[in-house]
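Following: one structure in structure tokens, then a few remarks.
The values are calculated or read from the model by the stated rules, or taken from the named source; none is laboratory data. A quick note: this is a predicted structure, and the numbers were derived from the prediction, not measured. Ideal geometry is used to build each Cβ from the backbone, glycine not excepted, and the neighbour counts take in all protein chains shown. Areas reflect the complete protein model, heavy atoms only, side chains present, ligands, DNA and RNA absent. Shrake-Rupley method; radii C 1.70, N 1.55, O 1.52, S 1.80 Å.
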Amino acid sequence: QRGMTVAPVVANLGPLEALTLTPNPDEVEEVFTLPLAHLLCEENQGYTHFRTASGYGYTLPVFLNGPHKVWGLTAIITELTLELLVPGRY
């Protein structure tokens, strides 16, 4: 959707098991966590390639091998966050 604003927030919330989260079910199917070590492991990192009918193509990150695949805008934000949190490791 054009004109959409996204404001990712990175925070240490403490143990997530103690939190009661109520995400909007129209936007969030499930809340889950992945350890930083999992995201930094190269075998769990990949890219998805897209090509349009006009021949325009683009590549987006994807994080695999967990209980869930992290893709789309979430993967883009995760990749940018990893670049900031652990420069040189990601």
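Annotation: amide H-H contacts under 5 Å for Tyr90 (H modelled 1.01 Å from N, sequence separation of 5 or more, or interchain): none.
Look at the alpha carbon pairs under 8 Å that are at least 6 residues apart: their mean separation over the length of the chain gives a relative contact order of 17 percent.
Figure the gain on full extension for Leu73 and Thr33 (residue separation times 0.36 nm, minus the Cα-Cα span) and round it to one decimal in nm.
On the way: separation 40, 0.36 × 40 = 14.40 nm, distance 1.63 nm.
Gain on stretching Leu73 to Thr33: 12.8 nm.
Note: the chain, Cα convex hull, 150 Å³ per residue. Protein heavy-atom surface of the chain, 1.4 angstrom probe: 55% of the accessible area is carbon and sulfur, with nucleic acids and ligands not counted. Accessible surface area normalised per residue over the chain is 83 Å², counting heavy atoms of protein chains with a 1.4 Å rolling probe. Angle of helix 72-85 to the longest C-alpha principal axis of the chain, folded into 0 to 90 degrees and rounded to 10: 70°. When each of the peptides 42-53, 71-82 is scored by how many other beta carbons lie within 10 Å of its residues on average, the order from highest to lowest is 71-82, 42-53. Estimated purely from DSSP H runs of n ≥ 4, each contributing -39500 (n - 2.57), the mean residue ellipticity at 222 nm for the chain is -6000 deg cm²/dmol once divided by its residues.
Quick query: amide H of Val62 versus all other amide H atoms, modeled in the peptide plane; which residues come in under 5 Å with a sequence gap of 5 or more or a different chain? Distant-sequence amide H within range of Val62: Gly46, Tyr47, Thr48.
Estimated from the Cβ-Cβ distance and a Förster radius of 41 angstrom, the FRET efficiency linking Val9 and Tyr56 is about 0.85.
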